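The values are calculated or read from the model by the stated rules, or taken from the named source; none is laboratory data. No experiment lies behind these values; they were computed from the predicted model shown. Here the Cβ is made from the backbone with ideal geometry for all residues, glycine too, and neighbour counts use every protein chain on show. The area values use the complete protein model at the heavy-atom level, side chains included, leaving out ligands, DNA and RNA. Shrake-Rupley method; radii C 1.70, N 1.55, O 1.52, S 1.80 Å.
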Amino acid sequence: MFTGIIEKKARIIAIRPQPAGVELAVEIGELVEGTRPGDSIAVNGACLTVSELSGAAATFDVVHETLRRTNLGSLTPGSMVNIERALRVGDRLGGHFVQGHVDGVGTIARRSRSGGEHLLHVAAPRALIEQMIEKGSVALDGVSLTIAALGEETFSIAVIPFTLEYTTLGDKPDGSPVNIELDMIRKYVRRFLGTSTGR
């Protein structure tokens, strides 16, 4: 479980092909302290398991299914990713509950400014947008954000300068893929209501 509050922008050191997918080496710097093999870390919002630690780098095994369903398959050595370690009991919940289970991939369509706000407009599959609500939560590349507006094929979020500086969202050009995770509570409520009505 994660909160969507990014701890660090980290650099991809190496991507090594493996029979089941790839081995991803990420320079996590000071976050290596207290991290052990077997720990969960969200990389661009996708929950991965640390397989090895070497110096300030963490290595993850990423299977083909994860590469296909997230933007991790588009990474190259030197790419920057958002990193968050798993929530510990007693930690503050500054964002919202994020599972690290990516629901789909969207694309940054454009950026705009309105009344001093920086708006990020994201194109996404309609099946995902239909499960969103205005002022509800969504995670983009693991970042906890609030939905400002919804369209049929896009949604918009207002991003503060701090988030743009300390996450990769400020560095991504238009057309960049972003991992989308819908609000967990809304997903469970929607599932429950659908089940109870026989749908």
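Worth a mention:
- Global geometry of the stretch 13-119, whether rounded, prolate or oblate, following the gyration tensor of its Cα atoms and the 1.5 cut on a/c: oblate
- In this structure, GLU130 and MET1 have a Cβ-Cβ separation that, at R0 = 30 Å, corresponds to a calculated FRET efficiency of about 0.75.
- Each stretch of four or more DSSP H residues adds -39500 (n - 2.57); spread over every residue of the chain, this sum gives -3500 deg cm²/dmol at 222 nm.
- Spin-label model, VAL32 to ASP61: label points 7 Å out along the Cα-to-beta-carbon direction sit 2.2 nm apart.
- Principal-axis analysis of the Cα atoms of the chain puts helix 184-196 at an angle of about 60° to the longest axis.
- Charge-dipole axis of the stretch 1-137 as Lys and Arg at +1 and Asp and Glu at -1 on Cβ define it, positive-most pick from LEU72, GLN131, GLY55: GLN131
- Rolling a 1.4 angstrom probe over the stretch 63-183 with all protein chains present gives an accessible area of which 51% lies on carbon and sulfur atoms.
- Under the Debye formula (equal points on every Cα, no solvent term), log10 I(q)/I(0) of the chain at q = 0.08, 0.13 Å⁻¹: -0.26, -0.69
- Sequence ranges 42-51, 68-77, ranked by mean other-Cβ count within 10 angstrom, highest first: 42-51, 68-77
- For LYS135, solvent-accessible area (1.4 Å; no DNA, RNA or ligand), Å²: 150
- Counting heavy atoms of the protein chains alone, ILE15 has an accessible area of about 50 Å² for a 1.4 Å probe.
- Take the chain with all the other protein chains still there, run a 1.4 Å probe, and you get 52 Å² of accessible area per residue.
- Ranking PHE2, GLN18, SER40 by how far each Cα lies toward the positive end of the dipole of the stretch 1-50 (charges on Cβ) leaves GLN18 at the top.
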